[in-house]
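Bear in mind these aren't lab numbers, they're just calculated from the coordinates by the rules spelled out. What you see is a predicted model; the values in this text were computed from it and never measured. Neighbour counts are summed over all protein chains in view; Cβ atoms, including those assigned to glycine, are modelled from backbone coordinates with ideal geometry.
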Amino acid sequence: MALPKGRLLEPALALFRQAGFEPSEPETTRKLLVPSSNGALAFLFVKPADVPVYVESGAADIGIAGTDVLREAAADVLEPLALGFGACRMVVASPTDTPFPSLPGGVTPRVATKYPRLTRGFFAEAGLGVEIITVSGSVEVAPLLDLSHWIVDLVDTGRTLRENRLVERAQILDVGAVLVVNRASHKLKLERHAELLKKLQDATTPRAR
Ligand code: PRP
């Protein structure tokens, strides 16, 4: 079971705990592959963007990922269950005095993002020519230092945008955590997967109410 380190880890572990699985090591462990206390599965702790890589390749049977990294990776995996946490949205944002959807003088906008594929797709569909600058975090700082004119990033409470004097210009994607399953291993381990899925589904339902 590949779990994303970072914001989704706590709700993901809480869901597994609710479903009867918990890591056999304390949260402070630096081990990256940890069996569950009941021995039924092993947790693999990886960077969020790597969950689709592990699951699509079959290195992990199952994982939890945000639809942001899943769509960015265009991962060919099954998505049997939306988990009801990690909700946020992917948006285009820019400083208040940097217009959107075009810049004065026909300047080609530079867009900083962790999501180059989705960003390219969004602007291609909108018919806007942009230059994409790929960074791996703290994207909101890019326009403040003229690295970019606009950004594409996730917004949850909106606090990071506000505190960096950025305003939302357009929405690209609704994002949330989902369970992802390797296609081949789902066929090979159908019964075990169905059993786990049922437990996770039951554990998810009360949260959605
Ligand atoms: C995420 C996201 C935004 C911020 C949005 O970053 O990339 O920067 O959270 O949350 P808010 O709307 O509630 O302020 P994260 O803290 O995960 O770190 P990162 O910048 O390194 O990606």
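Assorted remarks:
- Note on the chain: antiparallel DSSP beta bridges, both residues inside, total approximately 70 percent of the bridges counted.
- Annotation for ALA124 and VAL167: the two label points, set 7 Å from Cα along the Cα-Cβ direction, are 3.1 nm apart.
- Net charge, VAL155 excluded, C-beta distance under 15 Å - Lys, Arg +1, Asp, Glu -1: 0
- Top of LEU197, LEU78, LEU145 by mean-square fluctuation, Gaussian network on the chain, Cα under 10 Å: LEU145
- Ranking PRO26, PRO4, ALA42 by how far each Cα lies toward the positive end of the dipole of the range 1-45 (charges on Cβ) leaves PRO4 at the top.
- Estimated inter-spin distance, VAL107 and ASP202, nm [label 7 Å along Cα→Cβ]: 5.9 nm
- For ALA42, distant residues with modelled amide H under 5 Å away: SER36
- Here the dipole of the chain is about 300 debye; that uses its Cα centre as origin and unit charges on the Cβ of Lys and Arg (positive) and Asp and Glu (negative).
- Whole-Å distance, taken between Cα centres, linking the range 122-145 and the range 32-54: 32 Å
- Partners for LYS199 among lysines (Cα-Cα distance below 23 Å; same-chain residues under 8 apart left out): LYS5, LYS187, LYS189
- Listed residue (CYS88, PRO99, ILE62) projecting farthest to the positive dipole end of the range 19-149, Cβ model: PRO99
- Nearest-0.05 FRET efficiency for GLN18 and SER136, computed from C-beta distance (R0 22 Å): 0.10
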